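The values are calculated or read from the model by the stated rules, or taken from the named source; none is laboratory data. This one's a predicted model, so the numbers in the text were calculated from it and none came from an experiment. No Cβ is skipped: glycine too gets one built from the backbone with ideal geometry, and neighbour counts run over all protein chains shown. We work out accessible area using only protein heavy atoms, side chains counted, and drop any ligands, DNA or RNA first. Shrake-Rupley method; radii C 1.70, N 1.55, O 1.52, S 1.80 Å.
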Amino acid sequence: MCGIVAYIGWQDAMPIVLDGLKKLEYRGYDSAGLAILEDKKIEIRRVAGKVAALENLVCENPLVGSIGIGHTRWATHGVPNEQNAHPHMGVSDRIVVVHNGIVENFLELREELVAKGVEFKSETDTETIAHLVEIYYRETNDLVLAVRKTLKKLKGAHGLVVMSTVEPEKLIAARLGNAGGVALGVGENEMFIASDIPAIVNHTRMMTFLESAHLAVVTRDGFMLQDLEGDSVNGVVEEVPWDAVAAEKGKYRHFMQKEIHEQVRSLADTLSGRIDYESHRIWLPGLNLSAAKAKKIKKIFITACGTAAYTGMVGKTLIEQIARVPVEVMVASEFRYADPILEEGTVVLVISQSGETADTLAAMEEARSKGTEVWSIVNAIGSQAMRVADGSISMQVGPEIGVASTKAFTAPVLDLYMLAVYLADLRGGLEEARRIELIEDLLSVPSFVERALAREDQVREVAERYKDMQGALYLGRGINMPIAYEGALKLKEISYKHAEGYPAGEMKHGPIALVDEHMPVIVIASQDPWYDKMVSQIEQTKARNGKVIAIATDGDERIGELADEVLWIPAVPWLLSPVVTVIPLQLFAYHVAALNGLDIDQPRNLAKSVTVE
Ligand code: F6R
């Protein structure tokens, strides 16, 4: 949830740390801070608010030094003020810590420390870590040992970096559990540490990622990894394939707008390398799947959070329709508490943009503990969900920075479609003509999306007329039902307007009571098998003076006459329609929020990677 950046090398650390923090603000942005070590002295600057406020502060009073750590926070313990911002210091001001995660036994540890006479300066759980390291250092005179002892005391999942004046030529980075990644970037006589690749990829692409219960002793010349017992472990340094430019806004006002428009390319990228154009066959080597294994699959259990879970719901229809394999979908925050029945032949499939979401990772662990095969569809390279799965499909869409997920919604829909075709083919259930048709349809998706995006001006005009609405209802059915959920989620996340996504058939069982001339009803009525039902839904809404904004296919005169507003999309094969119907809804949410002058890329109370439960 929080973002960590650290540097040790020959350059001035402050601008590197600040620049990295800006790239990580999507992870949390309620307070920020940094510490620089120079001449055996640590200087700290912290602010309530965003990294820009920290930048203003240090511009007036720069800190010079070639070792530094920084943090951008999403508050869990204590309000987001200067005092609670990281870095946190031990009592003697010799040791500072930046931390991501929650110390679950914080109260117990705090009591122990207070009993030993420690005075706390903040309300945070992180401060206990700084004090523990300090106390263990006093006992052992060995900083790495002190950090290891501290880690053993902590419950919960953590990523952290320790800097000190007692052993000033090193930084210690550690990871415990699934509190998000810790990437080490290797440069020439310099090292970078960050919670996520975009923070440091401008400086180096050579990286390694800490495993849980490992720590790294990082110096200017490199790093050494060890486990909690102090035994050496190996880490492989690899070149990360992302282009740093992909993490810049370019000509767009917001990352979200850029990422919405990027979908033509990101969808082409997710298909890339997976389709044999000669044979019209899908190839997903990351799943390690054979025909014999595919035939043994009796059920796929999809679990994920938020937008990723809605992708999974679309995937249910795709896999059941194309591969005829039963699919169950459950949000990951429920999965491990539901004691799910995972019989032989079940595969658990998780979907995650960040690959760090705590609930999703816990669901993977639950499935593992029951001996079930686990697959993942993940975007963030090197993330836990990608590494620990038995088989994985990479979304290949590049970094998603906007907190509201867009391109990481559409790409996994195509990945699930490919999975469905691949499974059907391996199981021998797909006639050649049908397979060719399915692949031809798939190849056209980027151009359908391009045509839907070309209507942005029209969507903005509708958003102008509705920007002051109090709330909205979103209705969909069948394969487009999850699109109603997703459209509503996008609107509420970034415009703070109440929005409900509903299966259209459920309207008459209650929600229709909400309909009046002030409540816009957004109806997804593309040319799919549920089209006629959606038309009658529009009629029922109009009969109650509701205002209808319909998503409809070019040339659909029936809906053109019935609805108050129509957001037009090109005709698209119905199995792939969610990738296109969602585009005007992403744009609509974006423009409503932009017209209200809201902070679209960093909406209140949210963070991009939800690494806490
Ligand atoms: C919505 C959104 C969230 C995420 C959810 C899962 O726009 O971004 O609902 O989809 O927190 O995150 P990942 O995909 O990283 O597991």
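Choose one of 81, 52, 28: the residue whose Cα lies farthest towards the positive end of the charge dipole of segment 3-249 (beta-carbon charges +1 Lys, Arg; -1 Asp, Glu; about the Cα centre). The Cα lying farthest towards the positive end belongs to 81.
Once both labels are positioned 7 Å from their Cα atoms along Cα-to-Cβ, the gap between residue 532 and residue 596 label points is 3.9 nm.
Taking every DSSP helix (H) stretch of at least 4 residues in the chain, weighting each as -39,500 (n - 2.57) and dividing the sum by the residue count yields a mean residue ellipticity at 222 nm of -11000 deg cm²/dmol.
Calculated accessible area for the chain comes out at 37 Å² per residue, all protein chains present (probe 1.4 Å; ligands, DNA, RNA ignored).
Treating r as the C-beta distance of residue 142 and residue 369 and R0 as 22 Å, the FRET efficiency rounds to 0.05. What FRET efficiency, computed as 1/(1 + (r/R0)^6) with R0 = 45 Å and r the Cβ-Cβ distance, is obtained for residue 189 and residue 454, rounded to the nearest 0.05? That pair, residue 189 with residue 454, gives E of 0.35.
Using the Cα gyration tensor of segment 54-169, with a ≥ b ≥ c the square roots of its eigenvalues, what is the shape: rounded (a/c below 1.5), prolate (a/b larger than b/c) or oblate (neither)?
Numbers: a/c = 1.76, a/b = 1.22, b/c = 1.44.
Oblate is the answer for segment 54-169, as a/c is 1.5 or above yet b/c matches or exceeds a/b.
Does a label point 7 Å from the Cα of residue 337, set along Cα-to-beta-carbon, have any residues of segment 281-320 with amide nitrogen under 16 Å, and which are they? In segment 281-320, the label zone of residue 337 (backbone N under 16 Å from the point 7 Å along Cα→Cβ) covers 304-306. Please give the Cα centre distance for segment 299-367 versus segment 132-170, rounded to the nearest Å. Distance between centres, Cα-based: 38 Å.
Take every Cα pair under 8 Å in segment 452-595 that's 6+ residues apart, average their separations, divide by the length, and report that relative contact order as a whole percent.
Details: 275 pairs, mean separation 45.9, N = 144.
Rounded, it is 32 percent for segment 452-595.
When DSSP beta bridges are restricted to pairs lying wholly in the chain, around 60% turn out antiparallel.
Enumerate the helices in the chain for which the Kyte-Doolittle hydropathy averages -1.0 or more and the C-alpha atoms extend at least 20 Å along the helix's axis, using complete DSSP H runs. Write down the numbers at each step before the final one.
Numbers: long enough: 126-140 (21 Å, -0.27); 306-322 (24 Å, 0.41); 407-426 (28 Å, 1.18); 481-495 (21 Å, 0.21); 577-595 (28 Å, 1.48).
Taking the DSSP H segments of the chain (at least 20 Å long, mean hydropathy at least -1.0), we get 126-140, 306-322, 407-426, 481-495, 577-595.
Packing around the peptides 336-346, 143-153, taken as the average count of other Cβ atoms within 10 Å per residue, puts them in this order, highest first: 143-153, 336-346. Amide H contacts under 5 Å for residue 355: 379, 380, restricted to partners 5 or more places along the chain or on a different chain, H placed in the peptide plane at 1.01 Å from N. First obtain the Kirkwood hydrodynamic radius of segment 494-549 from its Cα pairs, then insert it into the Stokes-Einstein equation at 25 °C and 0.890 mPa s, and state the resulting D in µm² per second as a whole number. After rounding, the answer is 207 µm²/s.
Using the Cβ atoms and a cut-off under 14 Å, what net charge is assigned to the surroundings of residue 63, where Lys and Arg are +1 and Asp and Glu are -1?
On the way: positive: 41, 45, 46; negative: 12, 38, 39, 43, 55, 60.
Net local charge, residue 63 excluded: -3.
Would you please classify the overall shape of segment 136-222 from the alpha carbon gyration tensor, given that a ≥ b ≥ c denote the square roots of the eigenvalues, rounded means a/c under 1.5, and beyond that prolate means a/b larger than b/c while oblate covers the rest?
Oblate, because a/c is 1.5 or more while a/b does not exceed b/c.
So what is the orientation-averaged projected area of segment 452-595, using the convex hull of its C-alpha atoms, in nm²? The partial results should precede the final answer.
On the way: hull surface 28.9 nm².
For segment 452-595, averaging the hull's shadow over all directions gives 7.2 nm².
Label 7 Å along Cα→Cβ of residue 321; segment 537-572 residues with amide nitrogen under 19 Å? From segment 537-572, the list is 551-554, 569-572. Taking the 1.4 Å solvent-accessible surface of the chain as the whole, the part contributed by carbon and sulfur is 48%. Size estimate for segment 352-402 follows the Kirkwood approach: the inverse of mean 1/r over distinct Cα pairs works out to 11.0 Å. Extension gain for residue 344 to residue 277 (0.36 nm times residue separation, less C-alpha to C-alpha distance): 20.6 nm.
The packing ranking, built from the mean of other Cβ atoms within 10 Å per residue, places the peptides 600-607, 108-115 in the order 600-607, 108-115, highest first. Tell me which of 340, 314, 352 sits at the most positive position along the dipole axis of segment 264-375, charges placed on C-beta atoms (Lys, Arg +1; Asp, Glu -1). Selected residue: 314. Answer rounded, prolate or oblate for segment 260-443, using the Cα gyration tensor with square roots of eigenvalues a ≥ b ≥ c: rounded when a/c is under 1.5, else prolate when a/b is larger than b/c, else oblate. In terms of gyration-tensor shape, oblate.
FRET efficiency for the residue 516 to residue 56 pair, using the beta carbon distance and R₀ = 41 Å, is estimated at 0.30.
Length gained on full extension, residue 464 to residue 219, computed as 0.36 nm times the residue gap minus the Cα-Cα distance: 82.8 nm.
Rounded to the nearest 20 debye, the dipole size of segment 3-249 about its Cα centre is 320 debye, using +1 on the Cβ of Lys and Arg and -1 on the Cβ of Asp and Glu. Compared with the alpha-carbon gap, the fully stretched path from residue 290 to residue 38 is longer by 85.0 nm at 0.36 nm per residue. Under Stokes-Einstein, with the Kirkwood radius over Cα pairs standing in for Rh, what whole-number D in µm²/s applies to the chain at 10 °C and 1.306 mPa s? For these conditions, the coefficient is 63 µm²/s. In terms of its Cα atoms, segment 3-249 spans 51, 42, 34 Å along the principal axes, sorted from long to short.
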